[in-house]
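The values are calculated or read from the model by the stated rules, or taken from the named source; none is laboratory data. Please read these numbers as outputs of a predicted model, since none were measured by experiment. Backbone-built Cβ (ideal geometry, glycine too); neighbour counts: all protein chains shown.
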């Protein structure tokens, strides 16, 4: 019942549900206490509503957001509590006393202060919002960006301002109980004085040297930096906060480019979710600002997603545009018809080329280049199960997707069957369960199945831990845990040294990466991963959620994997290890194999997971594995050859396309130069070949430009 109530209320825990119930029921009870009247009961109930409200705000509860939609927002809740205090005074026969009029005047004046306070906070935030935000770009030497206001002034500022009424509330209640107005007027004076002081403290931050330069000055500084840096290859990305992983997966590749890289983002939420990188980053929310930016030295633009805002870069003819995507799978997203707008489409291997040919969505075969998957370099090839441990099987299902297709994920129909058979396998295996982070966000059934699978794994882990047949090296495990603690402490120390950058402007000013710290963090994360796997017995089942350990780290400690149709399967194939894919949509083995390239070398599972034994046999005796040769062939087909290295193929593709872009630009300049003798022809060519600054305020999307 409690879990149902939590789901209906859309709160995160039983504590949140309790706080929500106390707050919602507290106000009717508060009114009853005012009508009785009872000062002690009113004071106790007021304290409950204050504390419950504060707790829900601190937790960022969904319920708080919903209350504002039904006209029961933060200010209304405080106002109701204050009106009920006035009602309490009236019921206590204080309606003719000065304290009654003082309370009324106090709350009117207090609410009068809310308007300038809210206006100042909004104005400060707006004036400190940069037209572009940057990372790893030195703007400090070009423009003056002042320090951000103290965080305590602006963080949850409305809540802090409203809570200043506590002084008046406590003072008036004391006066009502003691029948003396002194405490009440003291509280009233303190509330009004603190409110005025809060407003006055904010005033200096909206003028003079407390605010960043004007937008045009900032943009000019960015153009000045671009002119000195001369970026050659840009990774362009737009999307929701949840899609940040799509650009994060390309950061290491961008760091390894032979050309000067640049990352261009369109949403501030993506910038805030961007993983650490040494590559210069520019976040340009405004389409006009982007189209007026000097990107004349960029020769290749890379796109990780097909989104509408891509048009703001695609319109620039001086660079070549490439779709690189954010994964390799047989999903429809891998052959989006939108892809034909790019000069080239880069795929991992021959499979990507064939997908476009079969889909017939307008992408020409000549425009497809096979470059491998540079991100897969950390995945280690399989050398068989070490003699000192039992095999490890990774269950890494994808999520349910948006369309409700039962074939999207195995979690709902097959997940429990898979895990039951794995934890009961004889000879035994270890199970690692790493679900997709979106699991359960759309489907309640998927969320419930995930919880049941988690419970199965944890129960099996507990039973194995109590089984005398399974032992671990206690001293080594203790040492690994100590090493983990040391590494985590050092990582926390490095994070603290980085400091809290107060707002977007200050983060832009201080956003140049400390390369030594960046390299140390990367080294420590590698050491953390090694220590993590040694910090528990090699036979222990595990549920792995969160960003660490990463999926590829799970690949490297596993001997086989069970998954669904997704890029996870294509990536795992790089290891050469046995794998199984679940036909959750019940297409039948032959049809499932025909429709999905990545399962050609897989053990295909029905929803009852009856075929799982074939996967376990392949792990235990690789020499008798009937699919080993097929996996080797499929790996080359999906991901390209092992040599040259994928990053070398990628760099070669960038260099080749940059030459084409340069040849095109030189040709245009030659034609324009040849036309100088004929003014009419010059005008015609100039109009036919748009530059980067042709968008106008009336055409902010650049749809009609050029």
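Search segment 126-139 for residues that are at positive phi and pair each with any residue that is part of a loop (DSSP other than H, G, I, E, B) and modelled with pLDDT of 90 or more when their beta-carbon atoms are under 6 Å apart and the residues are at least 6 apart or on different chains.
Final answer for the pair search is 136/280.
Residue-wise test of (1) assigned to a helix (DSSP H, G or I); (2) buried (at least 19 other Cβ atoms within 10 Å of the Cβ); (3) modelled with pLDDT of 95 or more.
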| position | (1), (2), (3) |
| --- | --- |
| 580 | no, yes, yes |
| 584 | no, yes, no |
| 587 | no, no, no |
| 591 | yes, no, no |
| 619 | yes, yes, no |
| 626 | no, no, no |
| 629 | yes, no, no |
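Answer with yes or no whether residue 407 is in the same structural domain as residue 546 (by TED's automatic domain parsing), at positive phi and touching a residue at least 24 places away in the same chain (Cβ under 8 Å).
no
Here is a yes/no grid of residues against (1) exposed (fewer than 15 other Cβ atoms within 10 Å of the Cβ); (2) under 30 Å from residue 269 (Cβ atoms):
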{"residue": "43", "(1), (2)": "no, no"}
{"residue": "85", "(1), (2)": "no, no"}
{"residue": "92", "(1), (2)": "no, no"}
{"residue": "108", "(1), (2)": "yes, no"}
{"residue": "113", "(1), (2)": "no, no"}
{"residue": "126", "(1), (2)": "yes, yes"}
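Under 6 Å between Cβ atoms, at least 6 apart or on separate chains: pull out the pairs that start in segment 586-604 with a residue that is more than 13 Å from residue 565 (Cβ to Cβ) and end on any residue that is modelled with pLDDT of 90 or more and assigned to a helix (DSSP H, G or I).
601/630; 601/631; 601/634; 603/614; 603/615
Closer than 20 Å to residue 169 by Cα, modelled with pLDDT of 90 or more and within 37 Å of the chain's Cα centre (by Cα): does that describe residue 45?
Spelling it out, it is not the case that residue 45 is closer than 20 Å to residue 169 by Cα, modelled with pLDDT of 90 or more and within 37 Å of the chain's Cα centre (by Cα).
Being in a loop (DSSP other than H, G, I, E, B), in contact with a helix residue (DSSP H, G or I) (Cβ under 7 Å, 6 or more places away or on another chain) and at pLDDT 90 or above: is that true of residue 37 here?
Against the criterion (in a loop (DSSP other than H, G, I, E, B), in contact with a helix residue (DSSP H, G or I) (Cβ under 7 Å, 6 or more places away or on another chain) and at pLDDT 90 or above), residue 37 qualifies.
Looking at residue 275 and the list (1) surrounded by fewer than 18 Cβ atoms within 10 Å (Cβ to Cβ); (2) closer than 27 Å to residue 652 by Cβ; (3) more than 18 Å from the chain's Cα centre (by Cα), which single condition is not satisfied?
(3)
Okay, residues lined up against (1) over 30 Å from residue 250 (Cβ atoms); (2) under 34 Å from the mean Cα position of the chain (by Cα); (3) modelled with pLDDT of 90 or more:
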| position | (1), (2), (3) |
| --- | --- |
| 654 | no, yes, yes |
| 658 | no, yes, yes |
| 664 | no, no, yes |
| 667 | yes, no, no |
| 690 | no, no, no |
| 696 | yes, yes, no |
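Looking at 356, 395, can you tell me which residue is part of a helix (DSSP H, G or I), in contact with a helix residue (DSSP H, G or I) (Cβ under 8 Å, 6 or more places away or on another chain) and closer than 22 Å to residue 570 by Cα?
356
Of everything in segment 453-478, what is in a helix (DSSP H, G or I), surrounded by 13 or more Cβ atoms within 10 Å (Cβ to Cβ) and in contact (Cβ under 8 Å) with a residue 40 or more places away in the chain? Give them in sequence order.
453, 454, 456, 457, 458, 460, 461, 464, 465, 477
Consider residue 59 against the criteria (1) surrounded by 13 or more Cβ atoms within 10 Å (Cβ to Cβ); (2) modelled with pLDDT of 85 or more: it satisfies all of them except one. Which criterion is unmet?
Against the list (1) surrounded by 13 or more Cβ atoms within 10 Å (Cβ to Cβ); (2) modelled with pLDDT of 85 or more, residue 59 comes up short only on (2).
A quick yes/no check of all residues on (1) under 21 Å from residue 583 (Cα atoms); (2) in a helix (DSSP H, G or I); (3) at pLDDT below 95; (4) in contact with a strand residue (DSSP E or B) (Cβ under 6 Å, 6 or more places away or on another chain):
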position: 407; (1), (2), (3), (4): yes, no, yes, no
position: 422; (1), (2), (3), (4): yes, yes, no, yes
position: 438; (1), (2), (3), (4): yes, no, yes, no
position: 447; (1), (2), (3), (4): yes, yes, yes, no
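Please state which of the following conditions residue 333 fails to meet, knowing it meets all the rest: (1) over 31 Å from the mean Cα position of the chain (by Cα); (2) outside any loop (DSSP other than H, G, I, E, B); (3) at pLDDT below 85.
(1)
Only one residue in 350, 364 is touching a helix residue (DSSP H, G or I) at 6+ places or on another chain (Cβ under 6 Å) and surrounded by fewer than 19 Cβ atoms within 10 Å (Cβ to Cβ), so which one is that?
Within the list 350, 364, the selection yields 350.
Does residue 144 meet the test of being within 24 Å of residue 509 (Cα to Cα), touching a helix residue (DSSP H, G or I) at 6+ places or on another chain (Cβ under 9 Å), surrounded by fewer than 17 Cβ atoms within 10 Å (Cβ to Cβ) and assigned by TED's automatic domain parsing to the domain that holds residue 188?
When the stated conditions are applied, residue 144 does not pass them.
For residue 301, are the conditions met, namely being outside any helix (DSSP H, G or I) and either at negative phi or touching a strand residue (DSSP E or B) at 6+ places or on another chain (Cβ under 8 Å) (or both)?
Taking the combined requirement at face value, the residue satisfies it.
For residues that are surrounded by 15 or more Cβ atoms within 10 Å (Cβ to Cβ) and without any contact (Cβ under 8 Å) to a residue 24 or more places away in the chain, tally how many sit in segment 531-562.
Qualifying residue count for the region: 2.
Counting only residues that are assigned to a loop (DSSP other than H, G, I, E, B) and either touching a strand residue (DSSP E or B) at 6+ places or on another chain (Cβ under 8 Å) or farther than 26 Å from residue 222 by Cα (or both), how many does segment 122-158 have?
Selection size over segment 122-158: 6.
What are the residues in segment 283-292 that are surrounded by fewer than 22 Cβ atoms within 10 Å (Cβ to Cβ) and either free of Cβ contacts under 8 Å to residues at least 40 places away in the same chain or part of a loop (DSSP other than H, G, I, E, B) (or both), if any?
285, 286, 292
Would you confirm whether or not segment 494-511 contains a residue that is touching a strand residue (DSSP E or B) at 6+ places or on another chain (Cβ under 8 Å), outside any helix (DSSP H, G or I), under 30 Å from residue 140 (Cβ atoms) and not assigned by TED's automatic domain parsing to the domain that holds residue 156?
Looking through segment 494-511, at least one residue is touching a strand residue (DSSP E or B) at 6+ places or on another chain (Cβ under 8 Å), outside any helix (DSSP H, G or I), under 30 Å from residue 140 (Cβ atoms) and not assigned by TED's automatic domain parsing to the domain that holds residue 156.
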